[in-house]
Amino acid sequence: MPRNKGQEKMSLISVHVPKRMLEELDELVRRGIYPNRSEAIRAAIRELLYKESLKPAARQTAAEEVEEGEEIEVLTGR
């Protein structure tokens, strides 16, 4: 049960990251862009989930356009 309206139960995960990536993450925290590593990682996951959630919709829209008989121009490098 959430403690208040904006909180929900968190699960702990372990992730291995390259040292350089962790140093860059810590720099974002040091500069005050994120309050801590966990919030920076949660923000990155939210962005990934948002981007990935848009992909099926974009594919569906393109498929519907083809079904409706609209032409789709294909560009080639030739």
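Any read-out appearing in this document is the output of simple, stated calculations on the displayed coordinates, not a laboratory observation. Because the structure is a prediction, the values reported are computed rather than measured. No Cβ is skipped: glycine too gets one built from the backbone with ideal geometry, and neighbour counts run over all protein chains shown.
Some observations on this one:
- Net charge, Arg30 excluded, C-beta distance under 14 Å - Lys, Arg +1, Asp, Glu -1: -3
- Taken along the Cα-to-beta-carbon direction at a fixed 7 Å, the label points for Arg42 and Arg30 span 2.4 nm.
- Förster radius 22 Å - calculated FRET efficiency between Lys51 and Leu22, Cβ distance, rounded to 0.05: 0.45
- Sorting 23-34, 8-19 by their mean Cβ neighbour count within 10 Å, with the most densely packed peptide first, gives 23-34, 8-19.
- Karplus-derived HN-Hα couplings along region 18-24 (A = 6.51, B = -1.76, C = 1.60, θ = phi - 60°), whole Hz, x at Gly and Pro: x, 4, 4, 5, 5, 4, 5
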